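The values are calculated or read from the model by the stated rules, or taken from the named source; none is laboratory data. If you're wondering where the values come from, they're calculated on a predicted model, not measured in any experiment. No Cβ is skipped: glycine too gets one built from the backbone with ideal geometry, and neighbour counts run over all protein chains shown. In case anyone asks, the SASA skips ligands and DNA or RNA and just uses the protein heavy atoms, side chains included. Shrake-Rupley method; radii C 1.70, N 1.55, O 1.52, S 1.80 Å.
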Amino acid sequence: MDVLRVEGASYRYGAVDALTEVGLAVGAGDCVALLGPNGAGKTTLVNLVTGLLAPATGTVEVCGGDPRRAATRRALGVVAQSAGFPRTFRVGELLRSAATRAGAPRGAGEQALASVGAADLAPRRAKDLSGGQQRRVQLAMALVGAPRVLVLDEPTNGLDVGSRHDFWALVAARRDEGVGVLVTTHLMEEAAAVAGHVVVLDRARVVVSGTPGELTAAMPHRTVSAVSSLAPADVAALVGAEAVTLEGGRVFVRTAEAERVVRRWLQGDATLTGLAVASATLEQAVAALTGDGSPASAHPTTPADAPLAGARS
Amino acid sequence: MSTSASTRTTEHVQTERGAAMSTASTTDLHAGQGLTAAPPPHHDGWSLRRVLLAEAADELRSVVREPITLFFSVALPVGFFAFFASAFGGQQAGGTTVAVLMLATYGTFGVMGTAMITPGLSLAEDRERGWLRTRMVSATPLPVVVAAKVVATIPHAVGVMALMTVVAVTVGGASLEPLAWVRLVAVLVVGSLPFALLGVAVGALASFGGAMALLQAVYFSTSVGSGLLFPLAMLPGWFQTVAPFLLPYHLSRLGIAQIAPETVTAEDVGTSVLVLVAATAVLGAFAVWALRRARS
């Protein structure tokens, strides 16, 4: 059953199309990642889904209801980009109030806080918490009403690797309990690790959707890398590849014929070590699909891009 | 997302290697999966009264913990009142003491400031910090969030009036019937609604700093112009011409009518009631428009 459904939704800011006939669906226990460059329409779509905006055309439904209605939003938990906690409130007070607003029983706030491993934060002022701790508190507030749908808007922005890992593990646990999750993020390899489905927005439209594997498998190029005694230009001439770069002491060759490149490189450089072949990353696939040629998008796979553990791919 | 095939308008494109991928599907939904009725939330203890009280309690808690708010809404009006009541409170005016009349005028000053500035600044700050957005996507309707900010000013305003009364009795030697005091407080609290609506509208539109400047300017200028801080008779003649066009003047007239009815005619009371009701309607419409604008 779909717990979140967007069908033919359009929205305009004045003369600017923010969304044009966008559709997506999130089932119970599924996680859908909404990807795309800045200005693609992700935030507008999140605003439609959370009831902040009404679509000009089309429909948005959360558990069959209109998210503009407060009663419908009882099925919704939201983690916004910015927490904006009041200056004078302690975490425990925020969670108790959130529980009341959600119609949850007494003690639900403390339980939600404990469920995200943040019970010890209850006496602390929310504004004094670190970024990772604030995200945990936000997630606890989103979960306190036992929502059917979680909407996470760039939830790991500004977090260190450890905090991101912990956050996604918590989200994956809720997903596995049957909560539908819609997440927007720029950290696409993290999205690939936690989301079973990816929707790519560009210029207000859905340009592609599928599983992360489908998106990356559709990319013809792979990256062959190794520590070589040859200069990048010599490697390019040897293996017959055009895109050869040197980074961190390793030579990277982007090619559609990885096997041929490996054979030639091994034959032509007897000192070759650390040979690795990597498929296109989700970030590279999305960049190719949206025409986003930013340097970050073009970088080959590195160990830091590896999917996080504890989340379903 | 469930794995059932998308079959309606899904197109397929061939990538460079020939792999097919679903693309650009404006209705890329799962075929055959119709929506069912919304399942009940896991928790069903939601009640408007409970949420409104919790929201109001949160608002009151944030006011009590905020020294700047307490200074402007409590210390300033009570301090002014103590100063002038100690100087002039014992004098007689129209069959009662000046301290008693000042309880109505300074009471208007204190209650309108609480009603207008506290929810206005709270709303502006919530907007600026992003906290209002968090509330707007929660299960609490926005009108309840805003109403709670206004409701929270009632105990706050009653507290200000109680402090002023203690000062009036101890410093100004005032004597007042308890029932008259209750009527005075009730009239001032109910009559401060248009000021609360103005505060909400400004808080929904302006930044925190802008709201602070604008509301303080309105607060002090209309208070002085209405003769709340200094009797109109002590001010230049044009103040008496301007005062009837200002809302605080009419609220203070209604307040005075509760404690010194002989000083206000029934016609004046009727006029002041009409002015405040009309202002409530106009400022209410303004507040609703401002909140809708803030929401979008």
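Relative intensity of segment A:45-121 on a log10 scale, I(q)/I(0) at q = 0.14, 0.20, 0.24 Å⁻¹, equals -0.57, -0.97, -1.14, per a Debye sum over C-alpha point scatterers of equal strength in the absence of solvent.
Sorted largest first, the spans of the alpha carbon positions of segment A:172-214 along the three principal axes are 34, 18, 18 Å. Sorted largest first, the spans of the alpha carbon positions of segment B:78-173 along the three principal axes are 56, 20, 19 Å.
Among beta bridges identified by DSSP and lying wholly in the protein assembly as shown, the antiparallel ones come to about 70 percent. Across A:H186, B:H250, the residue with the most accessible area heads the list, and the full order at a 1.4 Å probe is A:H186, B:H250. Relative to the 2.2 N^0.38 Å rule of thumb, segment A:165-279 has a C-alpha radius of gyration ratio of 1.41. Each peptide in A:269-279, A:52-62 gets a packing score, the mean of other Cβ atoms within 10 Å over its residues, and the list from highest to lowest is A:52-62, A:269-279.
Over all orientations, segment B:122-233 has a Cα convex hull whose mean projected area works out to 8.8 square nanometres.
If R0 is taken as 41 Å, the Cβ-Cβ distance between A:V16 and B:V282 corresponds to a FRET efficiency of 0.75.
Other protein chain C-beta atoms within 10 Å of residue C-beta, averaged over B:50-59: 3. Partner shielding of A:19-25 amounts to 5, given as the average count of beta-carbon atoms from other chains within 10 Å of each residue beta-carbon. Shape of chain A from its Cα gyration tensor (a ≥ b ≥ c, root eigenvalues): rounded if a/c is under 1.5, otherwise prolate when a/b > b/c, or oblate? It is prolate, given that a/c is not under 1.5 and a/b is the larger ratio. Centre-to-centre separation between the Cα atoms of segment B:64-86 and those of segment B:116-190: 14 Å.
Once the mean of 1/r is taken over each pair of separate Cα atoms and inverted, segment A:1-94 shows a Kirkwood hydrodynamic radius of 14.5 Å. Solvent-free Debye calculation, one equal scatterer per alpha-carbon of segment B:257-296: log10 I(q)/I(0) at 0.24, 0.29, 0.36 Å⁻¹ equals -0.76, -0.89, -1.03. The distance between label points at A:L246 and A:E259 comes to 3.1 nm (points 7 Å beyond Cα on the Cα→Cβ vector). Across all directions, the average flat footprint of the convex hull enclosing the Cα atoms of segment A:23-168 is 9.2 nm². Residues of A:88-98, mean number of Cβ from any other protein chain within 10 Å of their own Cβ, rounded to a whole number? Per residue, the average neighbour count from other chains is 3. Relative to one another, the C-alpha centroids of segment A:158-176 and segment A:36-82 are positioned 22 Å apart. For chain A, the relative contact order comes to 20 percent (Cα pairs under 8 Å, sequence separation of at least 6). For B:T69, the solvent-accessible surface computed with a 1.4 Å probe is close to 40 Å², ligands and nucleic acids excluded. Between B:Q92 and A:L266, the simple label model (points 7 Å from Cα in the Cβ direction) yields a spacing of 11.5 nm. How big is D, in µm² s⁻¹, for segment A:120-227 by Stokes-Einstein at 4 °C and 1.567 mPa s if Rh is the Kirkwood radius over C-alpha pairs? In µm²/s, the coefficient rounds to 82. Counting only heavy atoms of the protein chains and using a 1.4 Å probe, A:D120 has close to 110 Å² of accessible surface.
Every Cα-Cα pair in segment A:124-185 was counted, and those over 12 Å apart are 68% of them.
Close amide H partners of A:L246, meaning residues 5 or more places away or on another chain with modelled amide H under 5 Å apart, are A:F252.
Label sites at B:E262 and B:M234, each approximated as a point 7 angstrom past Cα along Cα to Cβ, lie 2.3 nm apart. If you wrap segment B:208-294 in the convex hull of its Cα atoms and look at it from every side, the mean projected area works out to 6.9 nm².
Kirkwood hydrodynamic radius of segment B:184-256, from the reciprocal of the average inverse Cα-Cα distance over all distinct pairs: 13.1 Å. Using all pairs of distinct alpha-carbon atoms, the Kirkwood hydrodynamic radius of the protein assembly as shown works out to 27.8 angstrom.
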